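What follows is a single structure, written as structure tokens, with notes after it.
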Amino acid sequence: MISSCLLGAIADDLTGATDLCNTLVRDGMRTVQAVGVPPAGFAVPDADAIVVALKSRTIPAADAVGQSLAALEWLRGAGARRYFFKYCSTFDSTDQGNIGPVADALLDALGAKLAIACPAFPETGRSVFQGHLFVGDALLSDSPMRDHPLTPMRDPSLVRVLARQTPRKVGLVPFADVEAGEAAIAARLEALRAGGVSHAIVDACSDAHLRAIGEAIGDMDLATGGSGVARGLPAAWRRRGLLGENASADALPPITGHAAVLAGSCSAATLAQVEAFAARHPARKLSPADLADGPAVVEATLEWARGLLPSGPVLVYASASPQEVAAAQAALGRARAAALVEEAMARLAAGLAGLGVRRLVVAGGETSGAVVSALGAKALRIGRQIDPGVPWTSTLGGISMSLALKSGNFGSRDFFAKAIAEAP
Ligand code: ADP
């Protein structure tokens, strides 16, 4: 069988991968997110796009390169014909990497000379003008990213930032070309390529710019950037006959079974969602101090859920106020408090699956990672968006379940009930 996979993407973190998948599905591409490089023997899923989610944003550059090349090899084996390296729309990286080294390695492996580098996502306030990245109306270096604990961004010029991460030439497709449209962008890219440039930062301040960029790079092997730049690609590929129309790219297999919510995020949005859901549904709170006493708490919680699930969804949460979190961290240490909660959420997910839960909503990025690995899921097929950036998904590999994985601060106050009402 000829593979249907057109796009093979590599994302440098899990929630960034989901964001890209969600964007592709909304533009009519059937998309699967692999959790890490799939193991040997994993059947290539039937999808227009496969996004391999790595955890490579802040690891040493050599490791990020190694993992990215392994992902590329797998995607090539899956039959991909175009490649995308997805990083954060705020270009999160340090002078030691990893965007430059990974992009260089991917260019070499693909035998390509030039790739664009465009983190712009105007819909979410990320725009690039004359090579400078803006977050809303502030330069990147004046935004909260200035003080990010792992990747502080203090230089708004992406040409300079990327030039410090690669020995190769970095150039710019400036605003005037992007505004002039596809032909001007393509001509500038050709001129940069002829001048020995390997990475082209591309300005973009609107969706129209992203569409023009998509058309201009539709034949290039590799693009790098944020999810925004993927907005323009499906239409460009359709015009080239590489991708069909698909009105049901977000279709997921229906799954019947009980529903539950696990919340391990302490973000403000999650705290409000927990309060709203607990007012109308059975809910049980776990604290790191209780969990430190041993596995009995998790077992008792599963016993409690067993009796309630046939009548409706239940919520188990560790979400707590900043004061409670600070107290738990002071008593147990930050890492141990977090690990106790993550391990408990992982065991609860497996235990709930054993009780017949097949639709599970999870709040928290790290929490989601722990749950996905506890369920043995190797990949997720991406479905319809519930709230911006958060789609329903179906597991591939492991137990068959529908999962809604929500990064802490995402979603409206009624997200949990809404997600369960819309579950496949
Ligand atoms: P978010 O997406 O909001 O950042 P994460 O799940 O990524 O959520 O991170 C939340 C972290 O806080 C996890 O490591 C979780 O185990 C930890 N945590 C959850 N509840 C508590 C608590 N009550 N006290 C201390 N740490 C907690």
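Readers should treat all values here as calculations from the given coordinates under stated rules, not as data from a laboratory. Computed from a prediction, not measured in an experiment: that's the story for all the values here. All Cβ positions, glycine included, derive from the backbone under ideal geometry; neighbour counts span all protein chains shown.
Brief remarks on what is shown
- Across the chain, the mean sequence separation of Cα contacts (distance under 8 Å, 6 or more residues apart), normalised by length, yields a relative contact order of 17 percent.
- Candidates A338, A260, A43: whichever shows maximal mean-square fluctuation once the chain is modelled as a Gaussian network with Cα springs under 10 Å: A43
- Cα centroid separation, the range 256-312 to the range 118-159 (Å): 38 Å
- For the chain, the normalised intensity computed at q = 0.06, 0.13 Å⁻¹ comes to -0.25, -1.12 (log10 of I(q)/I(0), Debye sum over alpha carbons, equal scatterers, no solvent).
- Which of A208, F277, L355, positive extreme of dipole for the chain (C-beta unit charges): L355
- Taken along its three principal axes, the alpha carbon spread of the range 258-421 comes to 41, 31, 30 Å, from the longest extent down to the shortest.
- Annotation: the residues V202, V173, sorted from fewest to most other C-beta atoms within 10 Å of their own C-beta, follow the order V173, V202.
- When the Cα positions of A112, L133, P152 are compared along the charge dipole of the range 73-162, A112 comes out farthest toward the positive end, with charges on each C-beta of Lys, Arg, Asp and Glu.
- Counting only DSSP beta bridges whose two residues both lie in the range 110-210, roughly 55 percent are antiparallel.
- The relative contact order of the range 270-376 comes to 30 percent, based on Cα pairs under 8 Å that sit 6 or more residues apart.
- Between R240, R193, R82, the GNM of the chain built on Cα springs shorter than 10 angstrom shows R240 fluctuating the most.
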